[in-house]
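Asks: My questions all concern the structure below.
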């Protein structure tokens, strides 16, 4: 866990940063699960729980060959073609630049081809490599969520989480930027430094959610590091996600194990009889939600980094309880109950 940091706000200009446009087996012997066209139906007796809308918007674990993802990501940045590289190996995306001996910031990024709505939850597992920067050298592993309108209005407004290695320390920098191309300025809202920071970031996923207006939340694992609601972000949705490397003065590669994007952090159940009692338990018996149904859909809240999990859902109407086991939940899912 990271100690609460001293809040620091300052401006840095990242040269050309983002400037170029920056279940499986569901089963249970007591019930049948039908998978068809991205829909799952869970049956218990005569009752059904049907997935009507999936909240999982994006799921990449970088296991397939690079060529199979060329229609999902494109690669660009300020580093020249001769001094940059992209490789996939052992479930890791490696994005690298070779700035050895060059005293200038250069970068390369993988950007999602599709875009995603405001309020989405972006989760990535960064695997930063230990660098040994000398004075003046910088190595950064970055995830950014940026407006998809860059090519329309030249704005590169985005939010950012960056593991930055300099000669004196490792820093986890959280903030946002707005502006036009090379004139965009980055505002760092939190600077975290802690023992074994690089190891912690390698083990815990980073999750980002923003509405593009005023709200920005960033988690490291289950720890909410940044929670702001009065920012002036000016990030026009929809958004694209950038996985990046930035380097100054040395050869460096950023590594990523996965990228997962969810529509929200809750699951909705519609069609419940009014006054029904609902209990939702996680796979280890942890209570995820409990209450009675009313006029609105019943909501199950999920917290990063567990925005995708298994659950047991019990619905009691009068004295009769219907139980659905091994239900797959993902943030933003909508289920319909048919009793």
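Asks: If we count other beta carbons within 10 Å of each Cβ, what is the order of 171, 108, fewest first?
Replies: Details: 171 20, 108 26.
Fewest to most other Cβ atoms nearby, the residues stand as 171, 108.
Asks: Report the Cα centroid-to-centroid distance between region 145-222 and region 285-316 in angstrom, as an integer.
Replies: Region 145-222 and region 285-316 have Cα centres separated by 30 Å.
Asks: Starting with the fewest neighbours, write out 135, 54 ranked by other beta-carbon atoms found within 10 Å of each beta-carbon.
Replies: 135, 54
Asks: Using alpha carbon coordinates only, what is the Rg to Rh ratio of region 183-339, with Rh defined as the Kirkwood radius? Show your work: numbers first, answer last.
Replies: Numbers: Rg = 20.0 Å, Rh = 18.7 Å.
Taking Rh as the inverse mean 1/r over Cα pairs, Rg/Rh reads 1.07.
Asks: Let me ask something additional. Sort 185, 270 by Cβ crowding within 10 Å, fewest neighbours at the top. Intermediate values should be presented prior to the final figure.
Replies: Details: 185 12, 270 15.
Taking fewest neighbouring Cβ atoms as first place, the list is 185, 270.
Asks: What's the Cα-based Rg to Rh of the chain, Rh via Kirkwood?
Replies: 1.02
Asks: Continuing with this model, one more query. Rule-of-thumb check for region 94-152: C-alpha Rg over 2.2 N^0.38 Å? Please list the in-between numbers first.
Replies: On the way: Rg = 14.8 Å, N = 59, 2.2 N^0.38 = 10.4 Å.
In units of the globular-protein estimate, region 94-152 measures up at 1.43.
Asks: Based on DSSP H runs of at least 4 residues, each adding -39500 (n - 2.57), what is the mean residue ellipticity at 222 nm of the chain after dividing by all its residues, to the nearest 500 deg cm²/dmol?
Replies: Working: 2 runs with 11 residues, N = 339.
Rounded to the nearest 500, the figure is -500 deg cm²/dmol.
Asks: Which value in Å is the Kirkwood Rh of region 68-213 over different Cα pairs?
Replies: Result for region 68-213 stands at 16.6 Å.
Coordinate-derived values only; no laboratory data. Computed from a predicted structure; not experimentally measured. Reconstructed Cβ throughout: ideal geometry from the backbone, glycine too, with neighbour counts over all protein chains shown.
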